[in-house]
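What follows is a set of notes on a single structure, which appears directly below.
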Amino acid sequence: MAVRKRKKRSLTRFIAPLATMMILGYFGFHAFNGQYGIRAQLAMELRMVELEKKLAARTAVRNQLEARVALLNDGTMEKDMVDQYVRSQLNMAREDEVVLLINK
């Protein structure tokens, strides 16, 4: 009985390590450059800092507006405040008054 031996090709022993390296390379690349990778995380953190600054500025403006509105609520309305508000909204003045416009 004759036994045939196949000669092992040198290329076949490199297929599994090569495939493994390609898969690791693919996932490594996307872990760094992907949509949720390291670069994207750094960009999101910078954007978050920028948006927190905007939020702080807008919160301060809102607090100022709430304080002004609190002066106009029922029971605490001051005549001077109401008079100033109405005049600025209607752009009106009395005949004997001098108006100075100040940009804020």
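Read-outs: derived from the displayed coordinates by stated rules, not from any lab. Keep in mind that what you see is a predicted model, and the values were worked out from it rather than measured. For neighbour counting, all protein chains shown are included, and Cβ atoms are generated from backbone atoms with ideal geometry for every residue, glycine included.
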What's the number of the condition LEU51 fails, among (1) outside any helix (DSSP H, G or I); (2) within 17 Å of the chain's Cα centre (by Cα)? (1)
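So which of MET44, MET81 is of a type in the set (A, V, I, L, M) and more than 30 Å from ALA93 (Cβ to Cβ)?
Details: MET81 fails: more than 30 Å from ALA93 (Cβ to Cβ).
One residue alone meets the criteria, MET44.
Do you know which residues across the range 5-47 are within 36 Å of the chain's Cα centre (by Cα) and of a type in the set (A, V, I, L, M)?
Step one: of the range 5-47, the residues within 36 Å of the chain's Cα centre (by Cα) are 22-47.
Of everything in the range 5-47, those that are within 36 Å of the chain's Cα centre (by Cα) and of a type in the set (A, V, I, L, M) turn out to be MET22, ILE23, LEU24, ALA31, ILE38, ALA40, LEU42, ALA43, MET44, LEU46.
Inside the range 76-98, can you point out the residues that are of a type outside the set (Gly, Ala, Ser) and assigned to a loop (DSSP other than H, G, I, E, B)?
Here is the first cut: in the range 76-98, the residues of a type outside the set (Gly, Ala, Ser) are 76-87, 89-92, 94-98.
Selection gives THR76, MET77, GLU78, ASN91, MET92, ARG94, GLU95, ASP96, GLU97, VAL98.
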Out of the residues in the range 54-75 that are polar (S, T, N, Q) and either touching a strand residue (DSSP E or B) at 6+ places or on another chain (Cβ under 9 Å) or part of a helix (DSSP H, G or I) (or both), which is nearest to LEU101 (Cα to Cα)? GLN64
